[in-house]
Amino acid sequence: MADLGFLKYVDSTWEKSIDNVQVNLLWSNNGHKFNSSYTVAFGTQFLPASFPEYDFEQDKLVNRSVGGFLNPFNMQVGYGGVFRFWNTSTANVAFATIQLSSSPKEFASPAFLDANVIEGKRAYYFMNYGFSLSTAIRKKFGNHVEWINNTRIFGNGLDRDHVNLQLSNMVIVKLWKYLQLRFDTRLAYNPLLNYKMQFRQEALVGFFYERNK
């Protein structure tokens, strides 16, 4: 799954609104609703983020680029069990999960710099061990409504410093052929970057072409 979007303002400036690449791989035996499984999840972004910063030499605000492809990134490799339902939907619990991640130096919280960290030129790199829970749900309700959910939770503790969350939830209403109404909800929590929950809600109307095999 990949998302890249921009917003254009009246004054002709462009701002990146969403930038996400997510690859989820799952290996298990077919034929049973519950099986052992191996999972690999990888996420990053395409382009650097841009933030305004005051330049005293130029005496004006300038845009500063931070991060980029693989900065930040998050990769999880786990072993556990997968439950299959609704034909193509899955819920996976990996009791043994290794997480590798990075954070741009400009954003990394000082509280995390004393443990499991490798300092690079532009980023800090972290390694953690814990458990993970992930869902991949695709369910149709009749011929015009579809629900898509992809959620991933990683944790190795019960406090705010040891939990990561990524949630993508979409309800699609097919109005006419390729014309669709989409309600898209995103939640993200990463203590390496911020203790606040990141929330995004969009309602989109547009023409979408899909090809499913």
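The values are calculated or read from the model by the stated rules, or taken from the named source; none is laboratory data. Just so you know, these numbers come straight off a predicted model, no measurement behind them. Heads up, the Cβs are rebuilt from the backbone with ideal geometry, glycines too, and the neighbour counts pull from every protein chain shown.
Can you name the condition, by its number, that Ser65 falls short on among (1) touching a Lys or Arg at 6+ places or on another chain (Cβ under 9 Å); (2) farther than 27 Å from Asn156 by Cβ; (3) small (Gly, Ala, Ser)?
With (1) touching a Lys or Arg at 6+ places or on another chain (Cβ under 9 Å); (2) farther than 27 Å from Asn156 by Cβ; (3) small (Gly, Ala, Ser) applied to Ser65, the lone miss is (1).
Looking at the range 92-103, is at least one residue under 30 Å from Gly142 (Cα atoms), touching a residue at least 12 places away in the same chain (Cβ under 8 Å) and surrounded by 15 or more Cβ atoms within 10 Å (Cβ to Cβ)?
yes
Given Ser36, Ser65, which one is under 22 Å from Thr151 (Cα atoms) and assigned to a strand (DSSP E or B)? Walk me through it before giving the result.
Details: Ser65 fails: under 22 Å from Thr151 (Cα atoms).
Criteria check complete, one pass: Ser36.
Give Val77, Val66 a once-over and let me know the one that is modelled with pLDDT of 80 or more, surrounded by 13 or more Cβ atoms within 10 Å (Cβ to Cβ), within 23 Å of Lys105 (Cβ to Cβ) and aliphatic (A, V, I, L, M).
Numbers: Val77 fails: within 23 Å of Lys105 (Cβ to Cβ).
So the residue among Val77, Val66 that is modelled with pLDDT of 80 or more, surrounded by 13 or more Cβ atoms within 10 Å (Cβ to Cβ), within 23 Å of Lys105 (Cβ to Cβ) and aliphatic (A, V, I, L, M) is Val66.
Which one of these is part of a loop (DSSP other than H, G, I, E, B), touching a residue at least 24 places away in the same chain (Cβ under 8 Å) and farther than 14 Å from Pro191 by Cα: Asn87, Asn150, Asn143?
Asn143
For the range 98-115, indicate whether the set of residues that are modelled with pLDDT of 95 or more, on the phi < 0 side of the Ramachandran plot and of a type outside the set (S, T, N, Q) is non-empty.
Yes, there is a match, as at least one residue in the range 98-115 is modelled with pLDDT of 95 or more, on the phi < 0 side of the Ramachandran plot and of a type outside the set (S, T, N, Q).
Pull up the range 176-196, narrow it to residues that are among the aliphatic types (A, V, I, L, M) and either in contact (Cβ under 8 Å) with a residue 24 or more places away in the chain or in a loop (DSSP other than H, G, I, E, B) (or both), then point me to the one that is surrounded by the fewest Cβ atoms within 10 Å (Cβ to Cβ).
Going through the range 176-196, the residues among the aliphatic types (A, V, I, L, M) turn out to be 179, 181, 187-188, 192-193.
With either in contact (Cβ under 8 Å) with a residue 24 or more places away in the chain or in a loop (DSSP other than H, G, I, E, B) (or both) added as a condition, the list becomes 179, 181, 192-193.
On the way: Leu179: 12, Leu181: 15, Leu192: 19, Leu193: 15.
Per the criteria, the residue is Leu179.
Six or more apart or on different chains, Cβ atoms under 9 Å: show the pairs whose first residue is in the range 57-80 and farther than 22 Å from Val117 by Cβ and whose second is surrounded by fewer than 13 Cβ atoms within 10 Å (Cβ to Cβ) and at pLDDT 85 or above.
That search, which allows pairs on different chains as well, returns Tyr79/Ser36; Tyr79/Phe95; Tyr79/Ala96; Gly80/Ser36; Gly80/Phe95; Gly80/Ala96.
Evaluate the following for Ser102: is it closer than 26 Å to Pro48 by Cα, of a type in the set (Ser, Thr, Tyr) and in a strand (DSSP E or B)? Let's see the steps before the verdict.
Working: closer than 26 Å to Pro48 by Cα: yes; of a type in the set (Ser, Thr, Tyr): yes; in a strand (DSSP E or B): yes.
Yes; evaluated as a whole, the condition is true for this residue.
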